[in-house]
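Contents: one structure, followed by commentary.
The values are calculated or read from the model by the stated rules, or taken from the named source; none is laboratory data. Remember, it's a predicted structure, so these values are computed and weren't measured experimentally. Here the Cβ positions follow ideal geometry from the backbone for every residue, glycine too, while neighbour counts run over all protein chains shown. Surface accessibility is based on the protein's heavy atoms, side chains included, excluding ligands, DNA and RNA. Shrake-Rupley method; radii C 1.70, N 1.55, O 1.52, S 1.80 Å.
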Amino acid sequence: MSVHEAITSHTQKMHAHLEVFQELDLKREQAIDQAVAQYSAGEAFTVDEINRYAAAINEHAKHGISPTRTYITKDMLIEYVQRSRR
């Protein structure tokens, strides 16, 4: 029975790790959407919040099985918006 309990415990930890990743990744995507909307409206924007979430995701990934995320620059966001308009 202890093997079963160990497997169950490990699976629960992996699941919890991935749930945290999904929450952080969703917040990062929302920050991207906000920055895209601000840029598209001609407003000032920053990628700081996006990169704060990327940092949190990357730190979280060191302790489990979740993927990492890339830090972005303002130029990368501008290029993304301009490509999506084509």
Hey, got the dipole for the chain? About the Cα centre, +1 on K and R Cβ, -1 on D and E Cβ, debye to the nearest 20? 240 debye
Quick one: pull the percent of accessible area on the chain belonging to carbon and sulfur, 1.4 Å probe, ligands and nucleic acids left out. 54 percent
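Output the relative contact order of the chain, whole-number percent, from Cα pairs under 8 angstrom with separation of 6+ residues.
29 percent
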Leaving out ligands and nucleic acids, note down the accessible area per residue over the chain with a 1.4 angstrom probe, in whole Å². 72 Å²
Charge tally in the Cβ shell below 15 Å around Tyr39, where Lys, Arg are +1 and Asp, Glu are -1, Tyr39 excluded: -3
With Cα coordinates, the longest principal axis of the chain makes an angle with the long axis of helix 74-85, in degrees rounded to 10, of 80 degrees
Angle between the Cα long axis of helix 2-40 and the longest principal axis of the chain, 0 to 90 degrees, nearest 10? 10 degrees
